[in-house]
Amino acid sequence: MDSLPDVLQRNLSTIRQRIERACRRSNRSADDVTLVAVTKYAEWDWVCALSEQHAIFGESRPQQLADRQPQLPRVQWHLIGQLQRNKARTAIRHAQVIHSVDSLKLLQRIHQLTAETEDRIELLLQVNVSGEASKSGFSPQELLDNWPQIAAFSSDRVRLSGLMTMAPKSESSEETRPIFAALRQLQRELNDQGACGELTELSMGMSRDFEAAVEEGATLIRIGSSLFEGLQRPDTSITEKT
Ligand SMILES: *Cc1c(COP(=O)(O)O)cnc(C)c1O
């Protein structure tokens, strides 16, 4: 049986090859695409083993981020999941990048907290490109109409560096491609307004659709399940019986 480090190394190298091929198809450099390893469903020993091979992790819950980050402080931790305002302090303390800033109120709260604590943070604004009611995030129009006010929240402590989106679940990544292209177009239009420093990051693409996202300009891809494929969870049903 393959060891845990072997499985992780094989999965990582498969993903990196797929990123490289997608970059070649779209005339991009693979150096411009950062893999955020999403550890939200990963067992702790998987996370530790992965930290020997990769240094950028994403968690979706602030509490799990706060539990794990201090134990692996050399990893760069990103928060990718929904953030309630009352957890903003935790997120700022433990994350270097928050991908999921989905409202003006949350942005205000983060801005206020960094002013009090002198912490620094990099933020991405989550955009609900598809307009699904179940998804959170700014609407593209909301950002376009209010960009000077929103961009004014960037400071030397709060760096508004880009946009993030989640594509709707679909059968093929080709169906999600227009969502990624639309996020990139929105980035261009906001940068053309020129209100804050340039938005350079596009966080888009997960296990099922990251190649299309890379071809459409993703600079951060968030991958969980493909990375941990083939690993067995401890069988809790047996230990419970004994
Ligand atoms: C879980 C999650 C991912 C990773 O999804 P996989 O399909 O496991 O690759 C990416 N982004 C967000 C916001 C997530 O919550």
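Odds and ends about this structure:
- Top-ranked residue of region 165-183 - restricted to ones that are in contact with a Lys or Arg (Cβ under 9 Å, 6 or more places away or on another chain) and in a helix (DSSP H, G or I), ranked as most open to solvent (accessible area, probe 1.4 Å): 173
- Residue match in region 226-238 (condition: touching a Phe, Trp or Tyr at 6+ places or on another chain (Cβ under 8 Å) and away from the ligand (no atom under 16 Å from the Cβ)): no
- Selection status of residue 26, of a type in the set (Ser, Thr, Tyr) and free of Cβ contacts under 8 Å to residues at least 60 places away in the same chain: no
- Hits in region 47-59 - residues which are free of Cβ contacts under 8 Å to residues at least 60 places away in the same chain, within 19 Å of residue 231 (Cβ to Cβ) and not in a helix (DSSP H, G or I): 51, 52, 53, 54, 57, 59
- Candidate set: region 153-170, residues that are among the small types (Gly, Ala, Ser) and within 16 Å of the ligand (Cβ to nearest atom); chosen: the one modelled with the lowest pLDDT: 170
- Scan of region 23-62 for residues that are over 16 Å from residue 205 (Cα atoms), touching a Phe, Trp or Tyr at 6+ places or on another chain (Cβ under 9 Å) and among the charged types (D, E, K, R), ordered by number: 43
- Single residue of 139, 203 found to be modelled with pLDDT of 95 or more and open to solvent by 40 Å² or more (accessible area, probe 1.4 Å): 139
- Out of 65, 113, sole residue that is within 14 Å of the ligand (Cβ to nearest atom), crowded, with 17+ Cβ neighbours inside 10 Å and in a helix (DSSP H, G or I): 65
- Check on residue 240, closer than 30 Å to residue 3 by Cα and at pLDDT below 95: yes
- Search result, residues across region 36-46 that are surrounded by 19 or more Cβ atoms within 10 Å (Cβ to Cβ), farther than 11 Å from residue 231 by Cβ and out of contact with any helix residue (DSSP H, G or I) (no Cβ under 6 Å at 6 or more places or on another chain): 36, 38
The values are calculated or read from the model by the stated rules, or taken from the named source; none is laboratory data. Keep in mind that this is a model prediction, so the values were computed, not measured. In this analysis, Cβ positions are derived from the backbone assuming ideal geometry, glycine residues included, and neighbour counts consider all displayed protein chains. Keep in mind that these areas ignore ligands, DNA and RNA; they rest on the heavy atoms of the full protein, side chains included. Shrake-Rupley method; radii C 1.70, N 1.55, O 1.52, S 1.80 Å.
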